[in-house]
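The values are calculated or read from the model by the stated rules, or taken from the named source; none is laboratory data. Note that the structure is a prediction, hence the values are computed from the model and not measured. Using ideal geometry, Cβ is built from the backbone for each residue, glycine included, and neighbour counts are taken over all protein chains shown.
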């Protein structure tokens, strides 16, 4: 074991509260398959799990779509890799396979074939981005992401 790993281990052992805060910061896992209920005549309906997590910290795994425009303050997280950004005209035709993510800090673009995990606060309901006109029904705000290996 190298010196750096030993120091990390000693810090965690000395401060058990750090582990629980770190686990909480990771967010409740939420998969794309858990977001919506059965189809209805009204269109998409949020699942009970997703409604219960509105306003709470979540972690969602997916793929970053190519940026909508240079300098956009958000990214689009998709269920599977895409080469074109899945743009919606309104929340009525919102696809069930994307989530808009507003990052805490600007990040570099990740190639779309790399899986990422986004952590942040879940927001539900229709919203139009004032800069781009992008309409979202589901968002993760104050977010960060990690590239998965």
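Do the conditions hold for residue 39, that is, is it out of contact with any strand residue (DSSP E or B) (no Cβ under 7 Å at 6 or more places or on another chain), surrounded by 13 or more Cβ atoms within 10 Å (Cβ to Cβ) and at pLDDT below 95?
For residue 39, the condition - out of contact with any strand residue (DSSP E or B) (no Cβ under 7 Å at 6 or more places or on another chain), surrounded by 13 or more Cβ atoms within 10 Å (Cβ to Cβ) and at pLDDT below 95 - is not met.
This table checks each residue for (1) modelled with pLDDT under 85; (2) assigned to a loop (DSSP other than H, G, I, E, B); (3) within 24 Å of residue 44 (Cα to Cα).
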position	(1), (2), (3)
81	yes, yes, yes
92	yes, no, yes
102	no, no, yes
106	yes, yes, no
109	yes, yes, no
118	no, no, yes
122	no, no, yes
136	no, no, yes
139	no, no, yes
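Can you give me the number of residues within the range 34-63 that are closer than 28 Å to residue 147 by Cα and part of a loop (DSSP other than H, G, I, E, B)?
Of the residues in the range 34-63, 5 are closer than 28 Å to residue 147 by Cα and part of a loop (DSSP other than H, G, I, E, B).
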